[in-house]
Structures are given as structure tokens and as C-alpha cells.
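Everything below concerns the one structure shown next.
The values are calculated or read from the model by the stated rules, or taken from the named source; none is laboratory data. Note that this is a predicted model, so its numbers are computed, not measured. Cβ sites come from the backbone with ideal geometry, for glycine too, and all protein chains shown count toward neighbours. Ligands, DNA and RNA are excluded from the accessible area calculation, which covers all protein heavy atoms including side chains. Shrake-Rupley method; radii C 1.70, N 1.55, O 1.52, S 1.80 Å.
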Amino acid sequence: MTEIAANYHQVLECIAQAAHRSGRNPEQIQIVAVSKMHPASAVVQAYDAGLVHIGESKVREAEDKFTLLFQSHPDIKIVKHLIGHLQTNKVKTALHIFDLIHSVDSLHLGKALSAETVKAGIQANILVQVNTSGEISKFGVIPEQAIDLTAELSQLPGLNIQGLMTIGAFLPEPEQVRPCFVTLRQLSENIAALRLDNVEMKYLSMGMTGDFEIAIEEGANLLRIGTALFGERNPAL
Ligand SMILES: *Cc1c(COP(=O)(O)O)cnc(C)c1O
């Protein structure tokens, strides 16, 4: 077994326990394996271990990595997630690379995505990123504006809004991050109740290596996990 496969099994065990504690079905919780700053070969190992959802933070890095990956493994079937900030000048590339974009946090970006989908005759699957921690270093719409932004985005052609995403506060104790996840879940429930066109609150993307068990307890069904699967990142990549 590769180290990544062993790590994956350990993470699955933690997910099962957290799901059990909170009365949830672990099969309804997906892992997005975050391979940023890890090579294409790590993605292959993750895939061989059974991970199919792959997350990347940067469009350029992902483009290069996936090109290499598909050259060496043309039959690989992964679902590609953009989890990092998206600049409008990378929208076109991002739309062609990624299956789900987790980081839509402004009407400006939504309009750029929408325009590109119309031009290309495609649809974009997106999540609205919410800054639930109040940390100014983080992207995301503030919680007070998340419902209005979602309603505005829902009016734009070509966008399928499939849920919400947040990055929990960077705090030493996972338990301290819980309020961020509660905020996201409540927003998701409030938005679902509005029954907006093109909006389906099916994904709650929250929880990373340090806090995914708390996120599960608060309803997460897409966990973005890097370090616990791949080990420490290599900033030189
Ligand atoms: C890097 C990253 C992750 C994964 O972080 P780990 O702590 O390594 O699990 C998750 N979400 C986002 C948005 C990230 O940038």
C-alpha cells in the first residue's frame, strides 16, 4: 500500500467516526483530495487508492499538472475542483479545466463566468464562497451578503449554483472553528428555503485537515483535505 493509500484509510476511519457521532451516513460525505504543491504522480497514487475528487488552488498549477496527468494516464477519470481564489482573467481556462468551482465570491466574478459559459455554450457548476471567520486575509463574501449575492448570481445565465464553501478560522483548537461551520450551514438552509432558480444547496464544502471532523458534525459533505492525505506540501512545486 502506498503512503497516500494508508493515509486515505486513516482519514476514512476518522470520517466514519465523526459521521457516527453526529448520526450521519459517511457515504454522503465526499473527500476532495487537495493536491496543490504536490506532483501529478501524487494524484495518480490518490486515484489508485480510490480518491476521484481532486482539488487544486491555482489555475496555472492545475493546468500544468492535469496536462501531465492525462498525458501519462489518458484513461484516468477524476472530478476536478477549483478551491482557490479565481481571478477574472483566468475564468476561461478555469471553466475548461474544472468541474466545480468552489470560490465564487463576487458578482463581478460571477458575471465573468456567466459571460464565458454563454460564449462557449457550456454550464458552470459553482459554489459561493463565504468568509465565515471574518479574517481579512480570506476571500469570500461576508455572511450578511451571502444570500443577496446568491440571488444575484442565480439570475445569470450558465451558472448552476450547487452550494456554499468556507474556510474555517485559523485557530489552534478545532472546536473554536465550529461557529464558522454553523454559520455556513444556516446560510445554506436559509438559501434553500428561498427556492431560487438555478440554485440547489446540495454541497457544503467545509473542513480541512485540522478541522474536518467538526465540519462533519455541522453537516459538511465536501471535505477539502490535503495534508492528511499527501503529507506536507512542497512550496517549490
Ligand atoms: C490548501 C487548502 C485546503 C487543504 O488544506 P489542508 O490543511 O492541507 O488539508 C483546503 N481548502 C483550501 C481552500 C485550501 O487552499
Yes/no for Ser114 being open to solvent by less than 20 Å² (accessible area, probe 1.4 Å), of a type in the set (Ser, Thr, Tyr) and more than 16 Å from the ligand (Cβ to nearest atom): yes
Neighbours by Cβ (under 7 Å, 6+ apart or cross-chain): first from the range 82-105, without any contact (Cβ under 8 Å) to a residue 60 or more places away in the chain; second within 13 Å of the ligand (Cβ to nearest atom) and among the basic types (Lys, Arg): Gly84/Lys58
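Checking the conditions here, which among Leu86, Leu127 is modelled with pLDDT of 95 or more, touching a helix residue (DSSP H, G or I) at 6+ places or on another chain (Cβ under 7 Å) and not small (Gly, Ala, Ser)?
Values: Leu127 fails: touching a helix residue (DSSP H, G or I) at 6+ places or on another chain (Cβ under 7 Å).
Testing whether each residue is modelled with pLDDT of 95 or more, touching a helix residue (DSSP H, G or I) at 6+ places or on another chain (Cβ under 7 Å) and not small (Gly, Ala, Ser) leaves just Leu86.
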Elements of type helices (runs of 4 or more DSSP H) contained in the range 121-237, each with 3 or more residues being over 27 Å from His108 (Cα atoms) and open to solvent by less than 40 Å² (accessible area, probe 1.4 Å): 212-217, 227-230
